[in-house]
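The values are calculated or read from the model by the stated rules, or taken from the named source; none is laboratory data. Keep in mind that this is a model prediction, so the values were computed, not measured. We place every Cβ from the backbone using ideal geometry, glycine too, and count neighbours over all the protein chains shown. Please note that ligands, DNA and RNA were not included when accessible areas were found on the heavy atoms of the full protein model with its side chains. Shrake-Rupley method; radii C 1.70, N 1.55, O 1.52, S 1.80 Å.
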Amino acid sequence: MSLEFENNDDIIDESEITNNEQTFIITENDINKRLDVFISEQLNITRSQIKNYLTSIIVNGTEKKLSYSLKLNDKVSVNLDNLSNEEADIENPEPENIPLDILYEDKYLLVINKPANMSVHCSPSEMSGTLVNALLYNIKDFDFVGNKSRAGIIHRLDKDTSGLMIIGKNANIVSSIQEQFKNRTIKKIYHAIVIGVLKDNYLEINLPIGRHQVYRKKMTVREDGKDALTHIKVLKRFKSHTLIEINLKTGRTHQIRVHSSYKGFPVAGDKIYSKSFNKYPGLMLIAKEIEFTHPISKDILKFEIDYPNYFKEFLYSGNI
């Protein structure tokens, strides 16, 4: 079983699941994080729900306060008995007949083009219409047992971001491709339309990213954050926007959106990091290319997609 570490960005940390107890081992990514913040992120529930339902959270065999600051290799155990039915249902999402744009499929994995406005996982406030709901219906040869809330998910895209994702059909494939992400051997190329005209043809942004201290759903550049490296290449300049190509060297939550906004050229249509998002038909950010090694055949697989219609229409509208 696997759990996300943020895009971010992308891949997912391992955890143990035993009956009604879930256990996590703290890695460097979560050192000094509050206990309740960590649990909230891993279980996709709010901190108030933790306070109300998860009355027993054990760290290294001892019950700790929710304000406890996590340390490297801490063993965190959460008893799920007291979760309400709504939270428990997250572990068993319903299969839904939602069409998928499948670019490649074999008996081990598939590559899909996720549409914008689709969440990857279920949450207490969104139990339907997610990618996981669609996968459970469309993929008949999934080989996962127990908690299916993250079955097959290796890496994530934000809800508003469209583009390429790799899905594993069993735990071994998921783990193998996660290693490629951890070793940074997977090539991921994004395209975005940003607000403003960039002067430099190439730009490297090497700034650490962490969670915002006040607005917990936002990320921000901060000295004690996780390392984040973004390479940007200008593809075309317009009157008031720039089309760019982004090569992510790390995967942090909202990495492209945080870095571009911090540097003064936010992604067009960004509801979190831009004030003028209402002017655009959506978030102008897509995961356009991905290249990785097939864990069984060892073939190099490379995929590239065209721009979605809403992206094309704005790009060629003449109002950019």
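Mean residue ellipticity at 222 nm, helices only, the chain: -4500 deg cm²/dmol; runs of at least 4 DSSP H residues each add -39,500 (n - 2.57), and the sum is divided by the number of residues.
Its alpha carbons give the range 87-166 an Rg and a Dmax of 11.7, 33 Å. In the chain, the portion of solvent-accessible area held by carbon and sulfur atoms comes to 46 percent [1.4 Å probe, whole percent, DNA, RNA and ligands not counted].
Can you tell me how the range 124-167 classifies by the Cα gyration tensor, rounded, prolate or oblate, using a/c under 1.5 as the rounded cut? Verdict is oblate for the range 124-167. Neighbours of Ser317 by Cβ distance under 12 Å: Lys/Arg scored +1, Asp/Glu scored -1, total +2. With bins 10 Å wide beginning at 0, the percent of Cα pairs of the range 70-222 falling in each bin runs 9, 29, 35, 21, 5, 0.
Scaled against the 2.2 N^0.38 Å expected of a compact globular protein of N residues, the Cα radius of gyration of the range 165-230 reads 1.50. Charge tally around Glu291: other residues with Cβ under 12 Å, Lys/Arg +1 each, Asp/Glu -1 each, net +1. The ellipsoid that matches the Cα gyration tensor of the range 198-254 has semi-axes, each √(5λ) in whole angstrom, of 25, 13, 9, with the longest given first. Using a Förster radius of 35 Å, what is the FRET efficiency between Glu304 and Ser276 based on their Cβ-Cβ separation? Nearest 0.05, please. So, using R0 = 35 Å, E works out to roughly 0.75. Within the shell defined by Cβ-Cβ distances under 9 Å, the residues around Val197 carry a net charge of +3, with Lys and Arg each +1 and Asp and Glu each -1.
Extension gain for Lys239 to Glu96 (0.36 nm times residue separation, less C-alpha to C-alpha distance): 47.1 nm. Among the chymotrypsin sites (Phe, Trp or Tyr not before Pro) in the range 179-237, those placed in a DSSP loop whose Cβ has at most 11 other Cβ atoms within 10 Å are Tyr215. Using θ = phi - 60° in the Karplus curve 6.51 cos²θ - 1.76 cosθ + 1.60, the 3J(HN,Hα) couplings for the range 274-285 round to 9, 7, 10, 5, 5, 6, 10, x, x, 6, 8, 8 Hz; x is entered for Gly and Pro. Computed on the range 273-320, the Cα convex hull volume stands at 99 Å³ per residue. How large is Rg over Rh for the chain, taking Rg from the Cα atoms and Rh as the Kirkwood inverse mean of 1/r across Cα pairs? Answer for the chain: 0.96. Just to verify a number: FRET efficiency for Ser128 and Asp200, C-beta to C-beta distance, R0 = 35 Å, to 0.05? Efficiency at R0 = 35 Å is approximately 0.20. Set against the 2.2 N^0.38 Å expectation for a compact globular protein, the range 240-289 has a Cα radius of gyration ratio of 1.10. Between Val145 and Lys75, the FRET efficiency from the beta-carbon distance, with R0 = 22 Å, is close to 0.40. Peptides 254-261, 220-227 ranked from most to least packed by the mean count of surrounding Cβ atoms within 10 Å: 254-261, 220-227. Compared with the alpha-carbon gap, the fully stretched path from Ser297 to Glu179 is longer by 40.9 nm at 0.36 nm per residue. Solvent-free Debye calculation, one equal scatterer per alpha-carbon of the range 175-306: log10 I(q)/I(0) at 0.09 Å⁻¹ equals -0.29.
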